[in-house]
Each structure stands twice: as C-alpha cells, then as structure tokens.
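Participant: If you scroll down you'll find the structure; I have some questions about it.
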Amino acid sequence: RGVTNWNLLSVAGTKKKFTCPGLGLFYTILSAFLFSVASLFLKKIEDVHSVEISAFRCVFQMAFVLPGLIYYKTGFLGPKGKRVFLFFRGFLGSGAMILLYYAFQVMPLADATVITFSSPVFTSLLAWIFLKEKYSLWDLLFTLFTITGVVLIARPPFLFGSSITGIEGSYTNHLKGTIAAVISAVSTASTFVILRKMGKSVNYFLSIWYYAVIGLIECIVALFVIDEWTLPYCGTDRFLLILIGLLGLGGQIFLTKALQIEKAGPVAIMKTMDVVFAFILQILFLNHLPTWWTVGGALCVVASSSGTAVRKWQQNSKKAKENEI
C-alpha cells in the first residue's frame, strides 16, 4: 500500500478544476479509512502468514491492472531501456509490502502505520544521494525527527531499560516488526527514486503490473522456503482476505481520484489521517491502548513527513510560477 500511495503523491503535479470544494480531500480521508480497515482485518487473520496474505494482494493487483494493460496496449515488459528500473521497482515495492504486512502482524497497528510514514523523509535523503536533488538543513532536521520517532516507538532496552511496557506480545517480535517496518519504508523510498528516474516514460499500469507479478513470485518462493503455504482454515479468514484485497483496491482508487482534482501537498498532509484511524481502530477493536512513547513517536514522524510534503509542494509551486513567467 505504502508504495502505491506515495508514488501517486509524487507524480501528481497540477490542480484541475472540480465542482465540489474539498471533494479531493474527502476522497483522501475515505482512502485512508479503507486502508486502515484493511490493516485492521490483516491483524484479525490468525492462521495465515503475512507472506501468503501479500500473495493474495498481488493476485488482486494483477486482476485489476490486466484490463488496463490491454486497453492502453502497453505490452507486458515495457520499453527495453526501462526494464531494469521496472524490475527493481517491482522487487523493492513488493518487498516493502511483504515486510509491512509482517510488521502489522507482530506489532501494534498504530506503531507500524506510523513508521511507514517515514518513507517521504527517506525519499529526500536517497534522492539527494542518487539523483543529486537538493537536500537542505530542513530535510536533515526532518530526517532526525523521523529517527527520533522510530526510536520512541522501538524503545530499545539500552535506552529505555529492560522493563518495557505497552508492547504487543514479546519485545523480540516488537523489535522484528520495527526493523521490518523501517526496511519497508526505506524500500518504498527507493521505489520513489526509481520512479523519478524513469519519469513519465512508463505507463502507470505497467509499473503496478511489475509490482504485482514480481511480488507474487517473491511470495511463492518465500512460502516454499519457510514452508508456510496453507489455505485459510476457516471461512472467516478467507472472507477477510477478499476484503483486504477489495479495500486496498478501493483505497487506491479514491486516492487516485483525489490527486486528479487536488494538489499533491494537501493530499499528502490529509493522508496523515491514516495514523489517526490506526490509533482509533487499535483502541476500539484490538483493545490496545497506545503508550505516550508511541504518541510522541507518531507526532515526530507525522510532523516530519508533513513538513517534507509541504516543502516539496512549495518548491513545485514556485517552479511552476517561474515557468509561467
């Protein structure tokens, strides 16, 4: 989910006319709600490994994208000079999804959601390293704030002592989930850099196609290695798997519609509702109250990602005005 969301935010550039003021932001909130409910259902599935859930998600993505590929006549491999970029976009993007789903299963919903919001900050850092984009003192400050937020959520014993409360399950699983979520965020950021490198020369449907196909291959190989390939044991889990796919697809559709009628900056800021919904759903349906450490970490990460989004929005608006002049 994180890959597709921020990919959409990064490619949106202009504001189009629309009839209903605020409709784009409403679509963004609706998208955030659907994604959050899908994450909640993922935590409710008990007998299916996160990698297998990712495989089902990839199948849904393929079924959704295939008609688009046929309609736009893009082919299934893409331009020869872009296939390497498409491969790594698919490999890193789907890997980010698998790691994120694992993090959702082994750590509190809100904690994992918050860490995923660090990806825009990592994008700025990687774009500076690999694309030679400008990296200001503000970007450095946002990066440090993000790291602080992740540390507050992870709460390593050498800083917070051996007695750690408020985590879900064992601290070992909490730490594994944190590491998985961070690597997922960095992988997501890497895909943004790849997408920027490719530019608009590759159809969006083709990009998602690589994401789904390579992700499915990754999942199948991983499931054979860890020997976890099983069909859900009960009808409830099967029903939840279908709902996760449908809700994820619905979230992407509403986010796409939001970006068609609203600028990327306001949409990026409004997407922080993901974190709000995650906290609410965790309290209401999982009976897990977040600690003040988690709340503090969330504030650091959300402030950093929002600040990064606002700066990019201002820079793009300034460039657009200069081009008009």
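Participant: For E228 and R83, compute 0.36 nm times the residue count separating them, minus their Cα-Cα distance, and round to one decimal in nm.
Facilitator: Details: separation 145, 0.36 × 145 = 52.20 nm, distance 3.12 nm.
Gain on stretching E228 to R83: 49.1 nm.
Participant: Test of the criteria: in the stretch 168-249, which chymotrypsin sites (Phe, Trp or Tyr not before Pro) are in a DSSP loop and have at most 12 other Cβ atoms within 10 angstrom of their Cβ?
Facilitator: Y233
Participant: So, one more: Please give the net charge around I45, taking every other residue with its beta carbon less than 11 angstrom from that of I45, where Lys and Arg add +1 and Asp and Glu add -1.
Facilitator: Details: positive: K43, K44, R238; negative: E46, D47, E52, D237.
Residues near I45 contribute -1 overall.
Participant: Next question, about the same structure. Relative contact order for the stretch 23-324: what percent, with Cα pairs under 8 Å and sequence separation of 6 or more? Could the numbers behind the result be given before it?
Facilitator: Numbers: 397 pairs, mean separation 127.5, N = 302.
Reported as a whole number, the value is 42 percent.
Participant: How big is D for the stretch 248-310, in µm² s⁻¹ as a whole number, if Stokes-Einstein is applied with the Kirkwood radius of its Cα pairs at 37 °C and 0.692 mPa s?
Facilitator: 249 µm²/s
Participant: Quick one: if you stick a label point 7 Å off each Cα along the C-beta vector at L23 and D47, how many nm between them?
Facilitator: 4.6 nm
Participant: Here is a follow-up. Rank-order 213-221, 298-306, 38-46 by packing density, defined as the average count of other C-beta atoms within 10 Å over each peptide's residues, highest first. Write down the numbers at each step before the final one.
Facilitator: Details: 213-221: 18.9, 298-306: 22.4, 38-46: 20.6.
The peptides rank, most packed first, as 298-306, 38-46, 213-221.
Participant: For the stretch 23-324, give the percent of accessible area contributed by carbon and sulfur heavy atoms, probe 1.4 Å, rounded to a whole number.
Facilitator: Details: 10000 of 14230 Å².
Ligands and nucleic acids excluded, carbon and sulfur reach 70 percent.
Participant: Something else about it: Rg to Rh ratio, the stretch 23-324, alpha-carbon atoms and Kirkwood radius?
Facilitator: Numbers: Rg = 19.1 Å, Rh = 20.0 Å.
Expressed as Rg/Rh, it is 0.96.
The values are calculated or read from the model by the stated rules, or taken from the named source; none is laboratory data. Predicted model, so just to flag it, every value in this text is computed and none were measured. Using ideal geometry, Cβ is built from the backbone for each residue, glycine included, and neighbour counts are taken over all protein chains shown. When the accessible area is computed, the model is the full protein with side chains, heavy atoms only, and any ligands, DNA or RNA have been set aside. Shrake-Rupley method; radii C 1.70, N 1.55, O 1.52, S 1.80 Å.
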